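Below is one structure, written out as structure tokens; the observations come after it.
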Amino acid sequence: MTTVPGASAAGAGRVSEPVGHVAGPGQHLPFWPAVAFVLVWSSGYIAGPAAVRAAAPFTVLGWRFALAALIGTALALTLRRRTRMTRASLARVAGVGLVMNAVQFGLMYVAFALGLSATVSSLFHALSPVLTALLAAALLHERLSWVQVGGFVLGVAGVLLVLGLDLGPVGGLAAVTLGALSMLTLSLGTLGQRWIGGHPDLLWSACVQFAVSAPPLLLIGLLVEGPWPVTDVLTTAISVPYLAVVNSIVGLVLLAHLVVRGGSGAAASLFFLSPPVTAVMAWFVLDETLRPHQVVGLLVAVVGVGIATHPRALGHRLRG
């Protein structure tokens, strides 16, 4: 199995399909769903920081995943979808979900609370598909093309340009470190999807992963942040449902549709578009600005990720 990272910022889970299902010359992504997915994916890096400015990060995530689990379960029951999960695969789905949602998002949302910029967080996660390929080559001995390696190196160079020598404007050392760890956790969790085995229903899998992630996050929030760590009720009331419905559920549906229509390689190639879209959104909504060297770094990183996740690069790797 090869796994396409889903809307991680959206908490949308992952879409798996047989190795070799890479978009060929005749396969193209539907335009409007692709545009919608990039906007939804990018908006997660805006809604997340907005939410943690209004309430504490663990509590926000706990509420988000609890609400997403309820909505997703209702949708799955309404559509009468079969879970296609054995007890063993259910436990594996839950275990991977804890890593993908509770740990990965926990790290990123604490980074948000410490001041990590939306654009930098988007850059970290945009690199995740390429880092996943590198880890798969190192840990699982999968084939890797020099194009992917070069794209990753270029992407990292771009991120370093954006960060610069002074980390203060992008959140500080602690925030950047947590963001990088979130990227690593996302890649490791994506590899963990291979461990699940079988073909469990995508929607039910996401619901299980949302459901197992909410209680530990809510418990940590209660112990560390208190019973009501909300400073802005209105922003919280808007951002948490938005994250649960738009990012978690709508993002999942859009990603699944794109993979079916265009293939996993073509869907993965969309992720390099997220950082510049996020940068524009962050400028409008969060009043974040980029210095000239950061704009250059952003462009370099986007080109690197675009090269490494292009369907031709993936197809070359899969064919060997």
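Looking at region 137-156 only, could you name the residues that are closer than 19 Å to Gln193 by Cβ and touching a Leu at 6+ places or on another chain (Cβ under 6 Å)?
Listed by number, the list holds a single entry, Ala137.
Would you confirm whether or not region 247-260 contains a residue that is in contact with a strand residue (DSSP E or B) (Cβ under 8 Å, 6 or more places away or on another chain) and surrounded by 23 or more Cβ atoms within 10 Å (Cβ to Cβ)?
Looking through region 247-260, at least one residue is in contact with a strand residue (DSSP E or B) (Cβ under 8 Å, 6 or more places away or on another chain) and surrounded by 23 or more Cβ atoms within 10 Å (Cβ to Cβ).
Mind checking which residues of region 135-173 are crowded, with 22+ Cβ neighbours inside 10 Å and under 16 Å from Leu184 (Cα atoms)?
Within region 135-173, Phe152, Gly155, Val159 qualify.
What number of residues within region 51-93 are in contact with an Asp or Glu (Cβ under 9 Å, 6 or more places away or on another chain), part of a loop (DSSP other than H, G, I, E, B) and not β-branched (Val, Ile, Thr)?
The total comes to 5.
Go through region 54-69 residue by residue and tally those that are surrounded by fewer than 24 Cβ atoms within 10 Å (Cβ to Cβ), farther than 13 Å from Val110 by Cβ and either of a type outside the set (Phe, Trp, Tyr) or in contact with a strand residue (DSSP E or B) (Cβ under 6 Å, 6 or more places away or on another chain) (or both).
Number satisfying all stated conditions: 4.
State which residue is nearest to Ala211 (Cα to Cα) when the search covers only region 94-136 and only residues that are hydroxyl-bearing (Ser, Thr, Tyr) and in a helix (DSSP H, G or I).
This residue is Tyr109.
Are any of the residues in region 198-214 of a type in the set (D, E, K, R), part of a loop (DSSP other than H, G, I, E, B) and over 25 Å from Ala54 (Cβ atoms)?
Yes, region 198-214 contains at least one residue that is of a type in the set (D, E, K, R), part of a loop (DSSP other than H, G, I, E, B) and over 25 Å from Ala54 (Cβ atoms).
Scan region 141-158 and tell me whether some residue there is out of contact with any helix residue (DSSP H, G or I) (no Cβ under 9 Å at 6 or more places or on another chain) and of a type in the set (Asp, Glu).
Looking for residues that are out of contact with any helix residue (DSSP H, G or I) (no Cβ under 9 Å at 6 or more places or on another chain) and of a type in the set (Asp, Glu), one finds none in region 141-158, hence no.
Do we find that Ala34 is surrounded by 20 or more Cβ atoms within 10 Å (Cβ to Cβ) and modelled with pLDDT under 95 in this structure?
yes
Suppose we keep only residues that are among the polar types (S, T, N, Q) and within 14 Å of Pro129 (Cα to Cα) within region 174-186. Which one would you say is surrounded by the fewest Cβ atoms within 10 Å (Cβ to Cβ)?
Filtering first and then ranking leaves Thr185.
When region 157-183 is examined, which residues are found to be in a helix (DSSP H, G or I) and out of contact with any Leu (no Cβ under 7 Å at 6 or more places or on another chain)?
The answer is Ala157, Leu160, Leu161, Leu163, Gly168, Pro169, Thr177, Ala180.
For region 193-224, what are the residues that are at pLDDT below 90 and surrounded by fewer than 20 Cβ atoms within 10 Å (Cβ to Cβ)?
Passing the criteria: Arg194, Trp195, Gly197, Gly198, His199.
Mind checking which residues of region 215-245 are of a type in the set (Phe, Trp, Tyr) and not in a helix (DSSP H, G or I)?
Once the filter is applied, which keeps residues that are of a type in the set (Phe, Trp, Tyr) and not in a helix (DSSP H, G or I), region 215-245 yields only Trp228.
Determine whether region 26-43 contains at least one residue that is of a type in the set (Phe, Trp, Tyr), touching a Phe, Trp or Tyr at 6+ places or on another chain (Cβ under 6 Å) and not in a loop (DSSP other than H, G, I, E, B).
The answer is no, given that none of the residues of region 26-43 is of a type in the set (Phe, Trp, Tyr), touching a Phe, Trp or Tyr at 6+ places or on another chain (Cβ under 6 Å) and not in a loop (DSSP other than H, G, I, E, B).
Could you list all residues from region 251-286 that are touching a residue at least 40 places away in the same chain (Cβ under 8 Å), among the β-branched types (Val, Ile, Thr) and closer than 14 Å to Ser43 by Cα?
Listed by number, the residues that qualify are Val277, Thr278, Val285.
Would you confirm, using the coordinates I've provided, whether Gly192 is over 30 Å from Ala138 (Cα atoms) and small (Gly, Ala, Ser)?
no
Looking at region 249-288, which of the residues that are among the hydroxyl-bearing types (Ser, Thr, Tyr) and at pLDDT 90 or above is farthest from Gly150 (Cα to Cα)?
Filtering first and then ranking leaves Thr278.
Thr132 is checked against (1) farther than 23 Å from Val230 by Cα; (2) among the β-branched types (Val, Ile, Thr); (3) surrounded by fewer than 21 Cβ atoms within 10 Å (Cβ to Cβ) and fails just one. What number does that condition carry?
Thr132 satisfies every listed condition except (3).
Take the residues in region 70-84 that are among the polar types (S, T, N, Q) and surrounded by 11 or more Cβ atoms within 10 Å (Cβ to Cβ); name whichever of them is modelled with the highest pLDDT.
Thr73
Determine, yes or no, whether Trp228 is surrounded by 18 or more Cβ atoms within 10 Å (Cβ to Cβ) and either of a type outside the set (A, V, I, L, M) or at positive phi (or both).
In short, no.
The values are calculated or read from the model by the stated rules, or taken from the named source; none is laboratory data. Remember, it's a predicted structure, so these values are computed and weren't measured experimentally. Don't worry about glycine lacking a Cβ; one is built from the backbone with ideal geometry, like all the others, and counts go over all protein chains shown.
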